[in-house]
Every structure is written in structure tokens, then in C-alpha cells.
Amino acid sequence: MKVLCILYSGGNAAKEEPRLLGTIENELGLREYLEAQGHEFLVSDDKEGEDSFFQKHIVDAEVLITTPFHPGYLTADLFKKAKNLKICITAGVGSDHIDLNAAIEHGVEVLEVSGSNVVSVAEHVMMNILLLVRNFVPAHEMIERGDWQVSEVARNAFDLEGKVIGTIGAGRIGYRVLQRLVPFNPKELIYYDYAALPEEASKAVNARRVEDLKEFVSQCDIITVNAPLHEGTRNLVNAELLSHFKKGAWLVNTARGAICDKDAVAAALKSGQLRGYAGDVWDQQPAPRDHVWRTMKNPLGGGNGMVPHYSGTTLDAQARYAKGTFQILDNYLKGKEQEPQNVIIGKGSYATKAYGQR
Ligand code: NAD
């Protein structure tokens, strides 16, 4: 059996830090296990274009393992060439790099390690909210420059207490964010999700559901995006929706870059319609050097909290998703039942309700 695995290159860091399991150097710790059973295990970070390692080997691989941090984009066209493919495993959470409708058409199962990095991301969201609201990045940059002008950073710094904070998507991550916000004494916590939270859960965080998206965004001082990328969320935060945001709201997106319109976000930040935008996910990964989100700023020269995609790949998270990937692979090889929560596409249909209403 041929197992193809697309991961990011870890360079020196991965040689020095073996816990960087999700790298081409440390191979999710799977090589010995697979080779001992006589399987072929091919690992690379080379994934773009027809001549890439990914596209060359997908034609006869039975298993594809890839990660949202450096995704091998498995398009409908590539599915046609992947004649031998039976199962795609996402080492992490979020399988939008796979054309899920094409997976159904070709009878390929798609699984991810649900829950493996949801705390890691929720913590990153908290950090992003705080660094935007408190205007942290420009304040730190000022210190590195050798300057000291308190008013220049204080003029755009606020408290989190007393704000209305909303999440688009109140699943594993969104709910954990709501839980973590409670002790900050927000004015109100609200959420937008076609799936209502169970009553007990919404009571526990005192969160109100708003069913109309425009109404929802117009009430929020801070919005955090925690929904998967699918047909219903691609480009959801576009110029039209941004025009319904409160002027000067902050937006945090650690879900998927393509949920927000790249240029509309940059324009809203530039005009001051958004006071800040932070996150770690990009419409294309790695993001091109000239991607507008790298350097966009608000009118006061701040409001950008962008980093590379790493919120869900802390060393703690890597241990969990490497273990989960092994478990899914081992179940597959032994013909055992998979954990239902990990199945995104089962035999011929969506097994999850999180990738859109259908
Ligand atoms: P989850 O399945 O537990 O929850 C997703 C929630 O989004 C569900 O409640 C679903 O009903 C809701 N949803 C779906 N479509 C929606 C829509 N159109 N509008 C509003 N809500 C909608 O998933 P999760 O574990 O919370 O993860 C959410 C997403 O976060 C993942 O799919 C992934 O894209 C992203 N993620 C990012 C990182 C990272 O490192 N940045 C890591 C993990 C996950």
C-alpha cells in the first residue's frame, strides 16, 4: 500500500525539536510503523503544480495524509487522476483543502482528528482579541524602535470588559472561546450558527443566538470566526457584510482565510471600518510575500495581528494530532470502525453536520 503524506518542512527547528511531529523531518512518527508492515511511505512538502511530488504520487496512492498548515489541495481534477485513493486523513482539524463533494463522487472517505487542537486555537483567539483591543503590536514595535510615546498607542487601546463579542460558529472552538471570554465581563456574548447550542451549554456561558447574520455583525464590537470553510462560508465576510459591522469593530479569523474577502478586509481596515484584523489563516498557504494581509494597517498604523498558520500546531497539539492520525490509519489498516466524530465524509455522504446545511 502506498501512503502519501504532505507536511510542512521543519528545517533546522525540526532536527533540533523532535516534538515538531507534523514536519517532513519527523513524519508524524509514522515511518517505522508503516514500513514494518511493508507499506510504502512517501513524505514531502512539494505540493504545487503538475510536476510536484504531491501530484506525481497522488495517482496511485491509497492513503493521503495532509495537514491544514501546509495543505496538499486535492481538487476535483486531481480526484479524477487519483484512481487508487481510498482515504484522506487530515492531521489536524479542517478538511476544506479536499474537494469534499468530489470525495463523495469518487467514494473516498475523509477523516480528521476532531478536537485535537481546539484548545490551542481557542487560546490563540483569546490572544488575538486582546492584542487587537489593547493595541499591543504597535506598542511593542515602538519599544523595539527605541521610542516611548504613550499617547500614540493609548489613543487606540481599549478594555475588553463591557464589549459585545460574537462568534460565527459555536462548535468546539467557538464554544471554548465563549467559555474563555466569560471571566472578562463582556457586555454580552452572542453567536451565529445554524446549529443552536444545547440549552445547558448556552446557559453556562450566557450566550444569545442571533439568527440573522447582518443583525449579528451590527451588534458586535468584536467578531471571531470559528466555522469550517465550505460553500456556505466561502467569502462570507465580504464588502457588503463588512458595511454592516459597527464602525471600528475588531475581527479575528483563525478558521480559514477564504471565509473573508482578502481585499475587502484590507480596504475596511484602511478606511477604519475595521479597527483591527488578526488571525493565522490565509486564502493561500504559504501566503505569497506580497499578500496584502501581511502589511495592511488601520489609519493609525496598527490593527494587524497576522501570523503564519500555527495556532493549531503548538507542540501540545502536534502530539495529539499525530496520535489521532496514527489511530485513524491503524483503524483503516485493521478494518476497524472509526470514531464517528472524526468522520467528515463517510461511505458516499457527509457524516458531519458542520460543513454546511444540506
Ligand atoms: P466544529 O465542527 O466543532 O464546529 C464548527 C461549527 O461551525 C459548527 O457548530 C457548525 O454548525 C458551524 N457552522 C458551519 N457553517 C456555518 C455557517 N455558515 N455559519 C455559522 N456557523 C456555521 O469545528 P471546530 O473544531 O470548532 O473547528 C472549526 C474550524 O476551525 C475548522 O473547520 C477549521 O477550519 C478551523 N481550525 C483552524 C485551526 C488553526 O490552526 N487555525 C485549527 C483547527 C481548526
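So the values come out like this:
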| quantity | calculated |
| --- | --- |
| Boolean, Gly305 is buried (at least 17 other Cβ atoms within 10 Å of the Cβ), in contact with a Leu (Cβ under 6 Å, 6 or more places away or on another chain) and under 23 Å from Phe69 (Cα atoms) | yes |
| Residue under evaluation Arg209, criteria (1) in contact (Cβ under 8 Å) with a residue 12 or more places away in the chain; (2) closer than 30 Å to Gln338 by Cβ; (3) more than 17 Å from the chain's Cα centre (by Cα), criterion not met | (2) |
| Residue under evaluation Arg320, criteria (1) open to solvent by less than 30 Å² (accessible area, probe 1.4 Å); (2) within 17 Å of the chain's Cα centre (by Cα), criterion not met | (1) |
| The listed residue being over 22 Å from Asp330 (Cβ atoms), without any contact (Cβ under 8 Å) to a residue 12 or more places away in the chain and not in a helix (DSSP H, G or I), out of Gly38, Gly49 | Gly49 |
| Qualifying residues in region 67-88 (those that are polar (S, T, N, Q) and open to solvent by 10 Å² or more (accessible area, probe 1.4 Å)) - the one nearest to the ligand (Cβ to nearest atom) | Thr75 |
| Residue under evaluation Pro299, criteria (1) within 16 Å of the ligand (Cβ to nearest atom); (2) farther than 30 Å from Glu27 by Cα, criterion not met | (1) |
| Near pairs, Cβ below 8 angstrom, 6+ apart or cross-chain, from region 292-316 (farther than 20 Å from Met142 by Cβ) to any residue that is of a type in the set (Lys, Arg) and in a loop (DSSP other than H, G, I, E, B) | Leu315/Arg19 |
| Out of Ala201, Ala195, Ala239, Ala207, sole residue that is within 8 Å of the ligand (Cβ to nearest atom), open to solvent by 10 Å² or more (accessible area, probe 1.4 Å) and of a type in the set (A, V, I, L, M) | Ala195 |
| Those helices (runs of 4 or more DSSP H) lying entirely in region 89-177 with at least 3 residues free of Cβ contacts under 8 Å to residues at least 40 places away in the same chain, more than 16 Å from the ligand (Cβ to nearest atom) and open to solvent by 70 Å² or more (accessible area, probe 1.4 Å) | 136-145 |
| Selection from region 180-206 of residues that are over 22 Å from Leu242 (Cβ atoms) and touching a residue at least 40 places away in the same chain (Cβ under 8 Å) | Arg180, Leu181, Ala195 |
| Long-range neighbours under 7 Å by Cβ, at least six apart or interchain, first residue at negative phi within region 339-358, second open to solvent by 60 Å² or more (accessible area, probe 1.4 Å) and modelled with pLDDT under 95 | Tyr350/Arg358 |
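Condition check ((1) open to solvent by 20 Å² or more (accessible area, probe 1.4 Å); (2) out of contact with any Asp or Glu (no Cβ under 7 Å at 6 or more places or on another chain); (3) of a type in the set (Lys, Arg)) across all residues:
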{"site": "Lys246", "(1), (2), (3)": "yes, no, yes"}
{"site": "Asn253", "(1), (2), (3)": "no, yes, no"}
{"site": "Ile259", "(1), (2), (3)": "no, yes, no"}
{"site": "Ala264", "(1), (2), (3)": "no, yes, no"}
{"site": "Lys270", "(1), (2), (3)": "yes, yes, yes"}
{"site": "Ala278", "(1), (2), (3)": "no, yes, no"}
{"site": "Thr295", "(1), (2), (3)": "yes, yes, no"}
{"site": "Thr352", "(1), (2), (3)": "yes, yes, no"}
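The values are calculated or read from the model by the stated rules, or taken from the named source; none is laboratory data. Everything numeric here is computed off the predicted structure, so don't read it as measured data. Cβ atoms come from the backbone with ideal geometry, glycine included; neighbour counts cover every protein chain shown. These area figures cover heavy atoms from the full protein model, side chains too; ligands, DNA and RNA do not enter into them. Shrake-Rupley method; radii C 1.70, N 1.55, O 1.52, S 1.80 Å.
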